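Here's the structure, in structure tokens; my notes come after.
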Amino acid sequence: MTTYLISFPAAAMVIPEGELDTVVEESHAVIREMKEAGVYVFGGGLDTGVPVVRVTADGIVTPGAYSQTAEFDGGLTVIRVGSRAEAERWAAKVAASCRCAQELREFGDDPES
């Protein structure tokens with residue numbers, strides 16, 4: 001089994017007026033389907049109201065994100081499936097429910113599992 005990250009930046013999700021309730025229900029339905037299929041690991045939206053900080057190995061905390069990830073916001077879902085094709089099918093379901101394309105990334109092997 002391989003673990004994948006399905007994600008999108010907040011700006012990509014443009015919900016037509018009057019469709020918010022439908023988008024919420026459809027996206028929750030996909031998560032329920034993932035749970036029923038046993039592929040769901042974790043999901044959620046990043047809280048943009050909480051400031052990002054960087055923490056060094058010696059505990060120094062610095063406000064702000066790396067410049068390369070400053071725009072990392074929005075929603076994410078982590079799934080564990082048997083193939084990339086299966087991950088792509090789930091990403092397509094998320095894309096349909098959220099009304100925006102999803103980025104799909106594969107996690108490296110976990111040496112502890």
Practice problem: Determine which single condition T22 fails, assuming it passes every other condition in (1) surrounded by 14 or more Cβ atoms within 10 Å (Cβ to Cβ); (2) over 28 Å from E112 (Cα atoms); (3) among the hydroxyl-bearing types (S, T, Y). | Solution: (1)
Self-check item: Hey, V39 in contact with a helix residue (DSSP H, G or I) (Cβ under 6 Å, 6 or more places away or on another chain) and modelled with pLDDT of 95 or more or not
Solution: no
Practice problem: Pick out the one residue from E88, E112, E103 that is free of Cβ contacts under 8 Å to residues at least 24 places away in the same chain, under 22 Å from M1 (Cα atoms) and either under 15 Å from the mean Cα position of the chain (by Cα) or crowded, with 17+ Cβ neighbours inside 10 Å (or both). | Solution: E88
Quiz item: Hey, among the residues in the stretch 1-30 that are more than 13 Å from the chain's Cα centre (by Cα) and not in a helix (DSSP H, G or I), which one's farthest from A101 (Cα to Cα)?
Solution: M1
Quiz prompt | Complete set of residues in the stretch 32-54 that are part of a helix (DSSP H, G or I) and surrounded by fewer than 16 Cβ atoms within 10 Å (Cβ to Cβ) | solution = R32, E33, K35, E36, A37
Self-check item: Residues that are assigned to a helix (DSSP H, G or I), over 16 Å from P9 (Cα atoms) and modelled with pLDDT under 95, drawn from the stretch 55-102
Solution: none
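Let's see how each residue does on (1) of a type in the set (G, A, S); (2) touching a residue at least 24 places away in the same chain (Cβ under 8 Å):
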| residue | (1), (2) |
| --- | --- |
| V14 | no, yes |
| G18 | yes, no |
| V50 | no, no |
| T62 | no, no |
| T69 | no, no |
| S83 | yes, yes |
Quiz item: Is there a residue being charged (D, E, K, R) and in contact with a strand residue (DSSP E or B) (Cβ under 6 Å, 6 or more places away or on another chain) anywhere in the stretch 84-105?
Solution: yes
Exercise. Identify the single condition in (1) at pLDDT 90 or above; (2) farther than 24 Å from E86 by Cβ that T48 does not satisfy, given that it satisfies every other one.
Key: (1)
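The values are calculated or read from the model by the stated rules, or taken from the named source; none is laboratory data. Because the structure is a prediction, the values reported are computed rather than measured. Counting neighbours? That spans all protein chains shown, and the Cβs are built from the backbone with ideal geometry, glycine included.
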